[in-house]
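Accompanying notes for the structure given below.
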Amino acid sequence: MLNEKLKKGLEGLGFSMFDTDKQGEASVLLADVVKSRDMRLWHGFPVMLANANEEHKFVFEKFKGEMVKKSDLENAKRLVSLSAEVYDGEGYKNTWLKGLREFYSGAKKNNDLDLDKAGELFKLYFLPAARKVNELLPVKNDNSLEYSLSELFSPKQKELVLKKFKNEKFTKTEKEYYSRVVKKKLLAVSNQDLYNLARSLLRP
């Protein structure tokens, strides 16, 4: 069972399976994910590692230093190796990771790790999905819509909202995530009582 501190910190690394506004220290969180031995999180490790790097929050030596047990160190090597495979498969430029090749080369395979599943999660949760949003906005000059969506939804959630608006097809994972998380947020913001309350509170 994951501890609450770990759950709350994962949102900051772009793994929106857990909803929180708090952002943990990336290198320690990534180490905690390794030590959790939770396969759901292990498959999301490439997402977290990439996002931590994009935000300049990943410190390899600190990450490695958290691996006290030999088994944890071996699992860290496996997950970094998995990340490299996912990045290559998805065309994500990972020149920064090549500097760690000596660390993860020769990592033993783990038959429970599914490259396809990790790749699907990478496409679903990786932060640069935000870059696609401008292409999907139905009214590109509507800055108020862009701002409001950004305030209410994560980059990937915003992308799914706009894909749904344009009747674009979801992947199986996107469909499940939309139904489980995004749709609930849409139902909440469309509540008339909530709208009336917000309007009354915003009056001068």
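The values are calculated or read from the model by the stated rules, or taken from the named source; none is laboratory data. Keep in mind that this is a model prediction, so the values were computed, not measured. A quick note on method: Cβ atoms are made from the backbone with ideal geometry, for glycine too, and the neighbour counts reach across all protein chains shown.
For the structure I just gave you, tell me whether K123 is exposed (fewer than 13 other Cβ atoms within 10 Å of the Cβ), closer than 26 Å to A84 by Cα and at pLDDT 80 or above. Explain how you work it out, then say what you get.
Values: exposed (fewer than 13 other Cβ atoms within 10 Å of the Cβ): no; closer than 26 Å to A84 by Cα: yes; at pLDDT 80 or above: yes.
So K123 fails the test.
Residues are listed down the side, and each one gets a yes or a no for (1) in contact with a Ser or Thr (Cβ under 8 Å, 6 or more places away or on another chain); (2) small (G, A, S); (3) at pLDDT 90 or above; (4) not in a loop (DSSP other than H, G, I, E, B):
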site: F45; (1), (2), (3), (4): yes, no, yes, yes
site: M48; (1), (2), (3), (4): no, no, no, yes
site: D72; (1), (2), (3), (4): no, no, yes, yes
site: E102; (1), (2), (3), (4): no, no, no, yes
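Look through V33, V86, V80, V68 and report the one residue that is part of a loop (DSSP other than H, G, I, E, B) and modelled with pLDDT of 90 or more.
Values: V33 fails: part of a loop (DSSP other than H, G, I, E, B); V86 fails: part of a loop (DSSP other than H, G, I, E, B); V80 fails: part of a loop (DSSP other than H, G, I, E, B).
Result: V68 is the single residue among V33, V86, V80, V68 that is part of a loop (DSSP other than H, G, I, E, B) and modelled with pLDDT of 90 or more.
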Filter region 188-204 for residues that are surrounded by 10 or more Cβ atoms within 10 Å (Cβ to Cβ) and without any contact (Cβ under 8 Å) to a residue 24 or more places away in the chain and give the result. A188, N191, L194, Y195, N196, L197, A198
If we keep only residues of region 150-187 that are aromatic (F, W, Y) and touching a residue at least 12 places away in the same chain (Cβ under 8 Å), then the residue nearest to G119 (Cα to Cα) is Y177
For region 160-204, which helices (runs of 4 or more DSSP H) that fit wholly inside it have 1 or more residues that are β-branched (V, I, T) and closer than 19 Å to F122 by Cα? 172-177
Please state which of the following conditions D116 fails to meet, knowing it meets all the rest: (1) over 15 Å from L49 (Cα atoms); (2) in a helix (DSSP H, G or I); (3) at pLDDT below 80. (3)
Is there a residue being surrounded by 17 or more Cβ atoms within 10 Å (Cβ to Cβ), assigned to a loop (DSSP other than H, G, I, E, B), at pLDDT 80 or above and not β-branched (V, I, T) anywhere in region 126-147? no
